[in-house]
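The values are calculated or read from the model by the stated rules, or taken from the named source; none is laboratory data. In this text the structure is predicted, and so the values were computed from the model without any measurement. No Cβ is skipped: glycine too gets one built from the backbone with ideal geometry, and neighbour counts run over all protein chains shown. Please note that ligands, DNA and RNA were not included when accessible areas were found on the heavy atoms of the full protein model with its side chains. Shrake-Rupley method; radii C 1.70, N 1.55, O 1.52, S 1.80 Å.
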Amino acid sequence: MKKTVKMLKRFAVLFVVVLALGLQSCSSGVSLQAYNDSYEGYEFKYPTGWVAANVEGGPDTVFHDIINNDENVSVVVSPVSGGKTLPDLGTPSEVGYKLSKSITSMAVDGRNVELVNAQSFEAGDKLYFILVYVACLPSGRTRHDLASVIIRRGQLYTFNASLPESRWETMKDAMKQTVASFSVY
């Protein structure tokens with residue numbers, strides 16, 4: 001009898017562990033695939049099934065969902081003068097605020113971009129700023145943007161993941177993983 005109870009307890013524990021792992025792996029429901037630009041020196045992961053897009057005069061690299069075209073990730077590479085570093089440009093909040101004002105002033109669709117979070121982290125000898133924005137469009141729609149910013153080899157790399165607020169709850173884990181995967185080498 002005691003052996004049967006012990007065996008049932010072990011089975012129950014094993015079942016709970018397997019169930020928990022299964023539910024955790026299904027939480028975002030999105031698998032990621034790798035992209036590497038060896039010429040510009042960066043890499044990141046993006047949702048499987050998204051496709052590359054060419055934007056004339058736009059970002060260096062763009063991937064978007066084939067069903068929801070307004071869900072995308074992009075990389076912009078810009079020169080930085082005078083050997084400046086991210087701390088030379090300001091704190092994460094200061095840099096994020098400047099970028100939000102720059103995006104708002106350049107937006108042709110009248111969007112208003114507000115910085116909601118800014119932080120920094122180091123990966124080896126590299127400093128990244130992670131910025132979170134909410135963009136309000138004149139139509140009343142809202143977008144959620146996450147960005148990773150780094151200066152390396154005299155270039156400012158800005159990786160941006162953007163999607164409608166209506167898709168945020170479904171895609172937020174995948175977008176956070178995507179932004180966290182951005183690496184400049």
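A search for C-beta distances below 9 Å between a residue of the stretch 140-167 that is on the phi < 0 side of the Ramachandran plot and any residue that is open to solvent by 60 Å² or more (accessible area, probe 1.4 Å) and of a type in the set (Gly, Ala, Ser), counting only pairs 6+ apart in sequence or on different chains, returns 141/166; 142/166; 148/180. Screening the candidates 113, 76, 55 for the property of being in contact with a Ser or Thr (Cβ under 7 Å, 6 or more places away or on another chain) and more than 22 Å from residue 154 (Cβ to Cβ) yields one hit, 113.
Among the residues of the stretch 51-77, those identified as open to solvent by less than 40 Å² (accessible area, probe 1.4 Å), of a type in the set (Val, Ile, Thr) and under 15 Å from residue 146 (Cα atoms) are 62, 73, 75. In the stretch 30-49 there is no residue that is polar (S, T, N, Q) and either closer than 21 Å to residue 134 by Cα or crowded, with 18+ Cβ neighbours inside 10 Å (or both). Counting only strands (runs of 3 or more DSSP E) that fall entirely inside the stretch 24-100 and contain at least 2 residues that are within 14 Å of the chain's Cα centre (by Cα), of a type in the set (S, T, N, Q) and at pLDDT 95 or above, the qualifying elements are 72-79. Which of (1) touching a Lys or Arg at 6+ places or on another chain (Cβ under 9 Å); (2) of a type in the set (A, V, I, L, M); (3) open to solvent by 30 Å² or more (accessible area, probe 1.4 Å) does residue 99 not meet, given it meets every other one? Of the numbered conditions (1) touching a Lys or Arg at 6+ places or on another chain (Cβ under 9 Å); (2) of a type in the set (A, V, I, L, M); (3) open to solvent by 30 Å² or more (accessible area, probe 1.4 Å), the odd one out for residue 99 is (1).
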